[in-house]
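Report on one structure; see the data block that follows.
The values are calculated or read from the model by the stated rules, or taken from the named source; none is laboratory data. Every value quoted in this text rests on a predicted model; they were computed, and no experiment measured them. Neighbour counts run over all protein chains shown; Cβ positions are idealised from the backbone, glycine included.
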Amino acid sequence: MNAEAMNDELILACDRGDLAAVEQLLKRGADVHHKDSQGRTALMAATQKNQVSLAKKLIEAGSDVNARDITMLTPYLCAGANGFHEILRLTIQAGADITSVNRFGGTTLLPSSEKGYLRTVQICLEAGVAVNYMNNLGWSALLEAVILGNGGRLYSDIIQLLVGAGADVHLKDRDGKSSLQHAAEMKQHKVIKILNKQSVIIPESIQRAKELAKAEKYEEAITIIDNALGQEGNPNDLYYYKGYCSGELGRYDEALAAYNQALSLDPGDLDFYFYTANAYRMMKHPEEAIAEYDKAIERKPEETFYRYHKSNYLRELGRHEEAVIVMDQLLAQQPWRYDFSFHKANSLRSLGKHQEAADTIDNAITHDRTNALYHYHKGQSLNLLGNYAAAIEAMDQAIQCGPAHADYYCEKASSLLALNQPDQAMRLIEQAQAIHPDHGRAKSLKETIIAAMP
């Protein structure tokens, strides 16, 4: 096996979760920095499958936790976005850039707050990830937890963590609304109290269990909960924390048993279907997880929360055709939601449906005309279609709305280069490098332009 084949095999072994093969390949000198056609290193492949032992071995071998793939994700960002807190912690210990952002301008704190990954949120905050940072959609972690949460037990705990870390409850989104205003509109009564820093009365056993869970003393927390069951408080609150702590210990069958016990007591407590879906997700049982989302959707079809998180999971699985169907259902309910259009457009692009992606992002632009991200996304789709003149128009809009983003100048430069206008393309690259001197794409395009010049 030559060096190139050995390097490729290292990534494939990580995809398979084959620790023995990875150890042998590393001993034979496989390059941990080698990337596949998707720009993934072996560490990224291990991270995507939440292979903790593999990730640890690769980091010890010198893998770069900040290496980006073609979607601009790093192992650190990927771990945070998927709630893989063990790998996240390893990447932070290995020097992850906690200021780094994904292609949507989000730190690890934003997707973890959005998706309900409580322990990941805690790790991000402890590492010093900026709590009030806003992504390119104009949302902070707190705004995401309120808007894309449901005000239930899990999201209330996430919001409490964020507020305790200094999250600004009055920070406004691009619609001019704060987390407090969104919570009021969504009738998230417990969240409103947390945002206003009013006392929320909870039983002593739950308070103690929460403190122990925060300190990662899950066995002790479960003991306290078991002792309290049948004696105090809402039993479903106790079953929630028992399920949560069991899940953090990796005992997902016990977590499911606790959540299902709560549902047997109150089938209308739909919060628990989100928890059961998450447990099945961590068990890598996708069909069962999707079925749990569907149970909640069937019981409350007008609620967007479960559909949205089902679509998130479908995208995570790469099942973009199904995700598009769910996003269409969400847009039928709330056509003004630019974030729904944006997610749908991303799935369409993944499916190679670039014209449909461009048409879909137009709906986001209609409802937020000055957001450079949407014009940029449209320009990328038009570039992929070979419609370079229209792509340039879209990128001009992006640059007008967001002149400080090097990516926008690079995207326009690529269109000009395709139209055989290297001089104009070079001027744009120089502007991009003035904004971001070490911009990878700007450097690559500059080399291409120089090679194309007579």
*Is it fair to say Asp69 is more than 30 Å from Arg153 (Cβ to Cβ), touching a Ser or Thr at 6+ places or on another chain (Cβ under 9 Å), in a loop (DSSP other than H, G, I, E, B) and not basic (Lys, Arg)?*
yes
*Say whether the condition of being touching a His at 6+ places or on another chain (Cβ under 7 Å) and either among the acidic types (Asp, Glu) or surrounded by fewer than 21 Cβ atoms within 10 Å (Cβ to Cβ) (or both) is met by at least one residue in the stretch 416-431.*
no
*If you go through the stretch 20-30 one residue at a time, how many are in a helix (DSSP H, G or I), surrounded by fewer than 16 Cβ atoms within 10 Å (Cβ to Cβ) and in contact (Cβ under 8 Å) with a residue 24 or more places away in the chain?*
1
*Close pairs (8 angstrom Cβ cut-off, 6 or more residues apart or separate chains): of a type outside the set (Phe, Trp, Tyr) in the stretch 430-450, in a loop (DSSP other than H, G, I, E, B) anywhere*: Ala432/His439; Gln433/His439; Ile435/Ala404; Ile435/His405; Gly440/Arg68; Ala442/His436
*What number of residues within the stretch 332-371 satisfy the criterion of being polar (S, T, N, Q), closer than 15 Å to Leu148 by Cβ and not in a helix (DSSP H, G or I)?*
1
*Of all residues making up the stretch 259-277, the number that are under 23 Å from Tyr313 (Cα atoms), in a helix (DSSP H, G or I) and not aliphatic (A, V, I, L, M)*: 8
_Checking Gln400 against (1) in contact with a helix residue (DSSP H, G or I) (Cβ under 6 Å, 6 or more places away or on another chain); (2) part of a helix (DSSP H, G or I); (3) not basic (Lys, Arg), the condition it does not meet_ = (1)
*State whether one or more residues within the stretch 222-242 are basic (Lys, Arg) and part of a helix (DSSP H, G or I).*
yes
*All but one of (1) modelled with pLDDT of 95 or more; (2) crowded, with 21+ Cβ neighbours inside 10 Å hold for Ala442, so report the exception by its number.*
(1)
*Restrict the check to the stretch 155-164 and report whether at least one residue is acidic (Asp, Glu), over 19 Å from Gly402 (Cβ atoms) and surrounded by fewer than 20 Cβ atoms within 10 Å (Cβ to Cβ).*
no
*Restricting the first residue to the stretch 241-259 and requiring it to be over 17 Å from Tyr293 (Cα atoms), which pairs with a second residue that is of a type in the set (Asp, Glu) meet a Cβ separation below 7 Å and a spacing of at least six or different chains?*
Ser246/Glu254
*Please go through the stretch 310-358 and pick out each residue that is out of contact with any Ser or Thr (no Cβ under 6 Å at 6 or more places or on another chain), small (Gly, Ala, Ser) and crowded, with 23+ Cβ neighbours inside 10 Å.*
Ser311, Ser347
*Of all residues in the stretch 74-100, which are closer than 13 Å to Leu43 by Cβ, of a type outside the set (A, V, I, L, M, F, W, C) and within 13 Å of the chain's Cα centre (by Cα)?*
Thr74, Pro75, Tyr76
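The rows are residues; the columns are (1) touching a Phe, Trp or Tyr at 6+ places or on another chain (Cβ under 9 Å); (2) closer than 30 Å to Ala357 by Cβ.
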site	(1), (2)
Glu216	no, no
Tyr259	yes, no
Leu263	yes, no
Leu270	yes, no
Lys284	no, yes
Ala296	yes, yes
Asn312	no, yes
His320	no, yes
Gln329	no, yes
